[in-house]
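Notes follow once the structure below has been shown.
The values are calculated or read from the model by the stated rules, or taken from the named source; none is laboratory data. Just so you know, these numbers come straight off a predicted model, no measurement behind them. Heads up, the Cβs are rebuilt from the backbone with ideal geometry, glycines too, and the neighbour counts pull from every protein chain shown. Please note that ligands, DNA and RNA were not included when accessible areas were found on the heavy atoms of the full protein model with its side chains. Shrake-Rupley method; radii C 1.70, N 1.55, O 1.52, S 1.80 Å.
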Amino acid sequence: MSTTSSAPRKRVLSGMRPTGKLHLGNYMGALHNWVRLQHEYDCYFFIADWHALTTDYADTSQVKQNTLEVVLDFLAAGLDPEQCVIFIQSHVKAHAELHLLFSMITPLGWLERVPTYKEQQENLSGKDLSTYGFLGYPLLQAADILIYQPDFVPVGQDQVAHVELTREVARRFNQFYKRKQAEGRLLVGDILRTGTLSKQIYVFPEPGVLLTPSPKLPGTDGRKMSKSYGNTILLSDPESIIRQKMKPMVTDPARVRRTDPGSPDKCPVGDLHKIFSSQETLAKVYDGCTTASIGCIECKGWAADAIVTMLQPIQEQRAKYENDLPLVQDILNDGTKRAAVRAEETMVRVRAAMGLEENLINAR
């Protein structure tokens, strides 16, 4: 009689900074994909509140409330605590310990060459970013990732460089600190991951990337949707606010007059239709815009209809969680415990590899 056993699901890890209520760009750029991934992978999703301090350390008054808003949007959008682990970064202290240990071995040049390091210094010129926290945030990110030893990190194309730095840190650590295989003590988890009984087992596997599909999602001014531009539509915006934000939205510049034909392919509103509208509505948009048989106001109204319809179940779920905050706290407490257990498993290996075990007498 033969028995079959399913292989453990591969692990995925990702996080999001708490900047307050999430908008459509956050949803389509990451959260929508996470909801799908939780049914296919062993997923860990966290709110990166320490990362919020790397640029906003001077005023932390909103971090707590912003973190709660993100948690509510996570749950409202469909992240299921029965299917994934949801937690807050700072509540799992092992992240800080691993970040400290990584800082001992990581060359400064690696951090200085991260593309977003100089970009953010230029874009956030009004803030003093000459701190170690800002320079070292990619290393903290590497600790966030590697402490859970994920197989994949879902990212957009612009974040691939951060994952590559994480892979380099893992590689460097593994070169310095190789876990010697003690006879009869090889961990089952190592066998599952490596598939071999090698003489030396590396502490950190190098995670791969899962490129997140990134549909072109413009803000109300035609630029990329971003809170820094003030052009967002929030997941929690009521219908009246959504319609109000949509009315002045920029359109195809060729449509100066109502009678001028245009192209949805050159129009930010057209980009929204491609993401949120039905194929039937999209066909009407193309026909009406290219023949000038509809005006931009009508077209914007259809886009608002689609967005309102898509957001309705999300907002209903959010209201349920807003009315039961003790349940939200219980979800976070449970997620913290589960994440902390997994993180500590890694730290036991890290400390042993670096000769930092608490028990000096029996250490091997």
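Structure data summary
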read-out: Test: residue in region 316-333 that is at negative phi, at pLDDT below 95, open to solvent by 70 Å² or more (accessible area, probe 1.4 Å) and of a type in the set (A, V, I, L, M, F, W, C); value: no
read-out: Of all residues in region 129-141 being farther than 20 Å from MET16 by Cβ and in contact (Cβ under 8 Å) with a residue 24 or more places away in the chain, the one that is most open to solvent (accessible area, probe 1.4 Å); value: THR131
read-out: Qualifying positions in region 221-235 - touching a residue at least 60 places away in the same chain (Cβ under 8 Å) and crowded, with 19+ Cβ neighbours inside 10 Å; value: MET225, THR232, ILE233, LEU234, LEU235
read-out: In region 29-64, the residues that are out of contact with any Ser or Thr (no Cβ under 7 Å at 6 or more places or on another chain) and acidic (Asp, Glu); value: GLU40, ASP42, ASP56, ASP59
read-out: Cross-chain or 6+ apart pairs with Cβ under 8 Å, region 98-111 first and within 15 Å of THR166 (Cβ to Cβ) and modelled with pLDDT under 95, then part of a helix (DSSP H, G or I) and basic (Lys, Arg); value: none
read-out: Condition broken by MET310, with the remaining ones in (1) open to solvent by 40 Å² or more (accessible area, probe 1.4 Å); (2) touching a residue at least 40 places away in the same chain (Cβ under 8 Å) satisfied; value: (2)
read-out: So VAL308, is it modelled with pLDDT under 95, among the aliphatic types (A, V, I, L, M) and closer than 22 Å to GLU239 by Cβ; value: no
read-out: So HIS32, is it under 25 Å from PRO213 (Cβ atoms) and under 19 Å from the mean Cα position of the chain (by Cα); value: yes
read-out: Of all residues making up region 8-43, the number that are out of contact with any Asp or Glu (no Cβ under 6 Å at 6 or more places or on another chain), of a type outside the set (S, T, N, Q) and either open to solvent by less than 20 Å² (accessible area, probe 1.4 Å) or assigned to a helix (DSSP H, G or I) (or both); value: 16
read-out: Residue satisfying condition, being crowded, with 18+ Cβ neighbours inside 10 Å, modelled with pLDDT of 95 or more and either in contact with a strand residue (DSSP E or B) (Cβ under 7 Å, 6 or more places away or on another chain) or closer than 23 Å to GLY355 by Cα (or both), within set VAL163, VAL153; value: VAL153
read-out: In region 292-329, residue farthest from the chain's Cα centre (by Cα) [restricted to those that are closer than 17 Å to LYS274 by Cα and acidic (Asp, Glu)]; value: GLU298
read-out: Subset of region 61-74 (residues that are part of a helix (DSSP H, G or I) and not aliphatic (A, V, I, L, M)); value: LYS64, GLN65, ASN66, THR67, GLU69, ASP73, PHE74
read-out: Criterion (surrounded by 14 or more Cβ atoms within 10 Å (Cβ to Cβ) and either farther than 24 Å from ASN26 by Cβ or in contact with a His (Cβ under 7 Å, 6 or more places away or on another chain) (or both)) met by exactly one of PRO268, PRO264, PRO218, PRO253; value: PRO264
read-out: Single residue of region 44-69 satisfying the filter (of a type in the set (Ser, Thr, Tyr) and without any contact (Cβ under 8 Å) to a residue 60 or more places away in the chain) that is least open to solvent (accessible area, probe 1.4 Å); value: THR67
read-out: Lone unmet requirement of (1) in contact with a Lys or Arg (Cβ under 6 Å, 6 or more places away or on another chain); (2) of a type outside the set (S, T, N, Q); (3) not in a helix (DSSP H, G or I) for ALA58; value: (1)
